[in-house]
Amino acid sequence: MVPILNRPIAEHILNLLKRHGITEVIATLHYLPDILRDYFQDGRDFGVQMTYAVEEDQPLGTAGCVKNIADLLDDTFLVISGDSVTDFDLQAALRFHRQVGSKATLVLTRVPNPLEFGVVITSSEGQVQRFLEKPSTSEIFSDTVNTGTYILEPDVLEYLPAGQESDFSKDLFPLLLAKGVPLYGYVAEGYWCDVGHLEAYRDAQYAALHRQVRVDYAYPEISPGVWIGDNTQIDPSATLHPPVMIGHNCRIGAGTVLAAGTVIGDNVTIGNDADLKHPIIWNGALIGDEVHLLACTIARGVRVDRRSQILEGAVIGPLSTVGEEATIKAGVRVWPSKQIESGATLNINLIWGNRAQRNLFGQRGVSGLANIDITPEFAVKLGAAFGSTLKIGSRGTVSRAQRTISRMVSRSLIAGLMSVGIHIYNLEATAIPVARSVLAQMGVAGGIHVRLHPDRPDHVLIEFFDEQGIDISKGQEKKIEAAYFKEDLRRAAIDEIGRVTNPAQAVSTYTTAFERKLNIAAVLHSQAKVVIDYVYAVSGAILPEILGKFGCDAVVLNASLRPSALSNEEREVMLGQLGQVVQALRATFGAQVSANGEQLILVDEMGTSIRGEPLTALMADMMLTHHPRGTIVVPVQASGAVELIARRHDGHVIRTKANPTALMQACQANPNVILGGSGDMGFIFPDLHPGFDAMFCIAKLIEMLTLQGRSLGQIWADLPRMAHRVQTLRCPWAVKGALMRYLVEETPPDRLELIDGVKILGDYPDDWVLVLPDAGEPLVHLVVNSQHRDWLDENLAKYQAQVLNFIEHETGRKERTPL
């Protein structure tokens, strides 16, 4: 049912049959039968009588489907394939069949490359002597091939079993040869193309347009080689180079050029200054201004926005959208209903995921649906892209979480790195803090860690570290993306391919540094009892051993590996259970460790969970109590309670951009930093290593609780109270920049702070509103902070209305549904 010159292949077959006096047609169907039945109905509109036979349970094969309708065949009949384009003289073949008294006649043709077809040798009288279906190169004995068109007598079907799958070429014809049944081949003159793959589809299209095959055209030929349908408007400045075909109800914009071989379906709109070099465009497509299409196929209902490029052999599936200035590389196939982001470059097939993004990197690393977006082939190429930005012969680390998907992806990344000459220290299943801490000691150029995304259990997250263990910079991310999208990948010679070693000292290196940064006497004196829920994470293999050295009683929950990832709901249930265990055991505190050893939620001695902004404030208070006049680094959106706590201890607060890389870099760049991070991201202890570390945080908590002589509950009760609210709103990507500019222009300069997003300051130091664009989704976050709840409520409502009104004005439609 795919169109050739805007008519389905099956319609061209019906027209061929009708030209040769064959008007009773039975269509044998299995896959999506209603599409063909709804189009042809009873066949009356096409000058034939149509009957349908549907194989409901399973396809019966080329011969089995005909055997299935044997009761309807009482005279000589013709079988023709539903996916071929031809103008053979079928009446001449029928005459030959009757003249030689054949029981089965194969319509044959001669082709330059017979490898894809059944090869046939016939005698001078046309009798088939040898037959071989799809031979190898060494088996070729003729250039005469089977076209899938047969003329048969009804009694040959008696050789086939009923209700079973069978094939003419593999089953029936070899059997007829063996039994000596008259089997002939008729070598037909004319055009024939088996449309079994995309290249053949394009070849058949161009052959029909260049009159190399006789077909019935759907539109009148208004000038030599130019066919145009009804109600089509073409701007006078557009240029058409014949042969071209344009369907009904089309619009062709000013300055657009249609090169020879261009086929445009019905109801298609082409913008201004588009450059169309023989594409095939199906019905209902929308092509924007200055789009470049080169010998590609654009399926039904596709939208291609301005200045996009779709290159030779690419196929865009029905109802997909290609954003502005996107590039689809040659030969790439996009499955139906996909979205290609504006500015994206797509050089691999888009099959399972929903969209192709302009950037590989999001707010944190590269993430995507497990084994759909993040596949082995993607990971190999990503590893090669990263390695291509490093010097050949450099060394790097690869580590992972314990899950099978992480193992699969990490091995693929290693293969890609090796292929560009990077030597690998394979740390295997390792907590992220361990992986970060050993980078500097190993003298490597960088590292990669693979795990499930902490917030999306069906997603894989791939994180990249520099030589110090910090997340790589945005500049380095751009270099990797450029290598990936431009396919500027180095290829190492055989003797330069990277080697893999498995170092044994990684954990011991980490634990040595861990112990060196603790007040061991305080921890030994604490006699603390801590309940730790590892939620089935790899960090469970490290921390109990360390705490055991210091005489701490560590009660471990859920330290084994579970086959499936935890949902957020399951984590909440387990957190409640952790609180009950802490109370029952009268433990000092509890901790739920997640994100492969980077993040944690605390539970105090009463079983109350402490997370998010309260956890940020608690950690800041404890560290500043222990280190007065120290510096705390937090993300821009963190609660203003941190500043109140810092003023109590004569401390200092540095706010950074909302991404983890900025936090890590600020912790390393500024002296006297004692703590970085937040309750949502995790906590950084710069003296130990530059990354987040929940395991060291637990040990540090034991130390500080002992030295300060307070419980978590007491510290939490003494913290200053600050009202802090977050509202998330939908905001299209294209509006984000304009929204930020609008807010800046509408706010007095002395009330602005532009660390990340737009922060609008109130009359008091702790009153502010932050409008923060989301780095990975079409969202903005509205964060409001104040010691006065009335001020917070008033300004949350005010700026929510202001932001939504601006979005509505810019998009022309309502976006009023907050998440």
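The values are calculated or read from the model by the stated rules, or taken from the named source; none is laboratory data. None of these values were measured; they are calculated from a predicted model. Glycine gets a Cβ as well: all are built from the backbone with ideal geometry, and neighbour counts include every protein chain shown. Heavy atoms of the whole protein, side chains included, go into the accessibility calculation; ligands, DNA and RNA do not. Shrake-Rupley method; radii C 1.70, N 1.55, O 1.52, S 1.80 Å.
Quick notes on this one:
- Residues of the stretch 444-471 classified as more than 21 Å from residue 375 (Cα to Cα), open to solvent by less than 20 Å² (accessible area, probe 1.4 Å) and of a type in the set (Asp, Glu), total: 1
- Residue 102 being within 22 Å of residue 158 (Cα to Cα), crowded, with 18+ Cβ neighbours inside 10 Å, polar (S, T, N, Q) and at pLDDT 90 or above: yes
- Some residue of the stretch 394-402 being open to solvent by less than 40 Å² (accessible area, probe 1.4 Å) and in a loop (DSSP other than H, G, I, E, B): yes
- Number of residues in the stretch 70-91 that are touching a strand residue (DSSP E or B) at 6+ places or on another chain (Cβ under 8 Å) and in a helix (DSSP H, G or I) equals 2.
- Restricting attention to the stretch 660-685 and to residues that are on the phi > 0 side of the Ramachandran plot and buried (at least 19 other Cβ atoms within 10 Å of the Cβ), the residue that is nearest to the chain's Cα centre (by Cα) turns out to be 682.
- Selection within the stretch 1-22 - open to solvent by 60 Å² or more (accessible area, probe 1.4 Å) and in contact with a strand residue (DSSP E or B) (Cβ under 7 Å, 6 or more places away or on another chain): 1
- Filtered residues of the stretch 24-49 (kept if more than 17 Å from residue 2 (Cβ to Cβ) and open to solvent by less than 60 Å² (accessible area, probe 1.4 Å)): 25, 26, 28, 43, 46, 47, 48
- The residue that is farthest from the chain's Cα centre (by Cα), counting only those in the stretch 761-776 that are under 14 Å from residue 729 (Cα atoms) and surrounded by 15 or more Cβ atoms within 10 Å (Cβ to Cβ), is 770.
- Residues considered: 523, 535, 507. Of these, the only one that is assigned to a helix (DSSP H, G or I), within 26 Å of residue 609 (Cα to Cα), of a type in the set (A, V, I, L, M) and modelled with pLDDT under 90 is 523.
- Every pair of residues 6+ apart whose Cβ atoms lie under 6 Å, when the first sits in the stretch 402-416 and is under 8 Å from residue 450 (Cβ atoms) while the second is open to solvent by 10 Å² or more (accessible area, probe 1.4 Å): 406/400; 410/400
- Filtered residue count, the stretch 50-72, keeping only those that are surrounded by 17 or more Cβ atoms within 10 Å (Cβ to Cβ) and touching a residue at least 60 places away in the same chain (Cβ under 8 Å): 8
- Among the residues of the stretch 407-443, those identified as assigned to a helix (DSSP H, G or I) and open to solvent by 10 Å² or more (accessible area, probe 1.4 Å) are 407, 408, 411, 412, 414, 415, 418, 419, 437, 440, 441, 442.
- The criterion of being within 30 Å of residue 800 (Cβ to Cβ), modelled with pLDDT under 90 and either of a type in the set (A, V, I, L, M) or touching a Lys or Arg at 6+ places or on another chain (Cβ under 9 Å) (or both) does not hold for residue 744.
- Within the stretch 128-166, tally of residues that are modelled with pLDDT of 75 or more, open to solvent by 80 Å² or more (accessible area, probe 1.4 Å) and not in a loop (DSSP other than H, G, I, E, B): 4
- Among the criteria (1) touching a Leu at 6+ places or on another chain (Cβ under 9 Å); (2) surrounded by fewer than 19 Cβ atoms within 10 Å (Cβ to Cβ); (3) of a type in the set (D, E, K, R); (4) over 26 Å from residue 197 (Cβ atoms), the one residue 358 does not fulfil is (1).
- Contact map, the stretch 512-533: first residue over 11 Å from residue 699 (Cα atoms) and among the aliphatic types (A, V, I, L, M), second residue open to solvent by 60 Å² or more (accessible area, probe 1.4 Å) and part of a helix (DSSP H, G or I), Cβ cut-off under 7 Å, separation 6 or more or different chains; pairs are 531/585.
- Check on residue 742, in a helix (DSSP H, G or I), open to solvent by 40 Å² or more (accessible area, probe 1.4 Å) and more than 17 Å from residue 658 (Cβ to Cβ): yes
Residue by residue, here is whether (1) within 36 Å of the chain's Cα centre (by Cα); (2) among the acidic types (Asp, Glu); (3) under 15 Å from residue 531 (Cα atoms) holds:
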position: 589; (1), (2), (3): no, no, yes
position: 599; (1), (2), (3): yes, no, no
position: 604; (1), (2), (3): no, yes, yes
position: 611; (1), (2), (3): yes, no, no
position: 621; (1), (2), (3): no, yes, no
position: 626; (1), (2), (3): no, no, no
position: 634; (1), (2), (3): yes, no, no
position: 646; (1), (2), (3): no, no, no
position: 658; (1), (2), (3): yes, no, no
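- Options 624, 615, 644: the member that is touching a Gly at 6+ places or on another chain (Cβ under 6 Å), farther than 17 Å from residue 673 by Cα and of a type outside the set (D, E, K, R): 615
- Residue ranges of strands (runs of 3 or more DSSP E) in the stretch 592-686 with at least 3 members among the hydrophobic types (A, V, I, L, M, F, W, C) and free of Cβ contacts under 8 Å to residues at least 60 places away in the same chain: 631-635, 673-678
- For the stretch 651-661, the criterion of a residue being farther than 22 Å from residue 552 by Cβ, touching a Ser or Thr at 6+ places or on another chain (Cβ under 8 Å) and not β-branched (Val, Ile, Thr) is satisfied by at least one position.
- Annotation note: Cβ proximity below 6 Å between a residue of the stretch 292-320 that is among the aromatic types (Phe, Trp, Tyr) and a residue that is open to solvent by 10 Å² or more (accessible area, probe 1.4 Å) (sequence gap 6+ or interchain) occurs for no pair.
- The stretch 328-347, residues that are closer than 14 Å to residue 312 by Cα and either in contact with a Leu (Cβ under 7 Å, 6 or more places away or on another chain) or surrounded by fewer than 19 Cβ atoms within 10 Å (Cβ to Cβ) (or both): 328, 329, 330, 331, 332, 333, 334, 347
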